[in-house]
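What follows is a single structure, written as structure tokens, with notes after it.
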Amino acid sequence: MTRVSVDPDRCTGHGRCYTLAPGVFDADEVGHSIVRVAEVSGELERQAVTGAENCPEWAITLSR
Ligand code: SF4
């Protein structure tokens, strides 16, 4: 399993993560990212990696 977290101090709300990985990330009321599923594997893990790789603020941490 891989743990997913978003640093709220880094996230500026571009929305790439929840657009590319809607199974893992969602938007709060102002468009910042929130984690829907904190521990992922399989397809959700692949989504989480895609989201992290496409975050321009390096706000997403994946830990195995
Ligand atoms: S892509 Fe990064 S900066 Fe943009 S909403 Fe997601 S975590 Fe926040």
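The values are calculated or read from the model by the stated rules, or taken from the named source; none is laboratory data. Everything quoted here is computed from the prediction, not taken from an experiment. Please note: Cβ atoms are built from the backbone with ideal geometry, for glycine as well, and neighbour counts cover all protein chains shown. Keep in mind that these areas ignore ligands, DNA and RNA; they rest on the heavy atoms of the full protein, side chains included. Shrake-Rupley method; radii C 1.70, N 1.55, O 1.52, S 1.80 Å.
In the full protein context, the stretch 2-63 carries 58 Å² of accessible surface per residue, based on a 1.4 Å probe and ignoring ligands, DNA and RNA. Given a 1.4 angstrom probe, I'd like the percentage of the accessible area of the chain that is carbon and sulfur, rounded to a whole number. Answer for the chain is 48 percent, counting heavy atoms of protein chains only. Where the only charges are on Cβ atoms (+1 Lys, Arg; -1 Asp, Glu), what is the dipole of the chain about its Cα centre, to the nearest 20 debye? In total the dipole reaches around 180 debye. Kirkwood analysis of the chain, using all unique Cα-Cα pairs, places the hydrodynamic radius at 11.1 Å. Here the sum of -39500 (n - 2.57) over DSSP H runs of 4 or more residues, divided by the residues of the chain, equals -7500 deg cm²/dmol at 222 nm, to the nearest 500. Between the amide H of I34 and those of D26, A27, D28, distances stay under 5 Å, these residues lying 5 or more places away or on another chain, with hydrogens modeled in the peptide plane. Taking the 0 to 90 degree range and rounding to the nearest ten, how far is the long axis of helix 42-53 tilted relative to the main principal axis of the chain, both from C-alpha atoms? Between helix and principal axis, roughly 40 degrees. For the chain, averaging the sequence separation of C-alpha pairs within contact (under 8 Å, six or more residues apart) and dividing by the residue count gives a relative contact order of 46 percent.
Site-free segments of the chain were taken between GluC sites (Glu not before Pro) in DSSP loops having at most 16 other Cβ atoms within 10 Å, sites themselves excluded; the longest one is 1-28.
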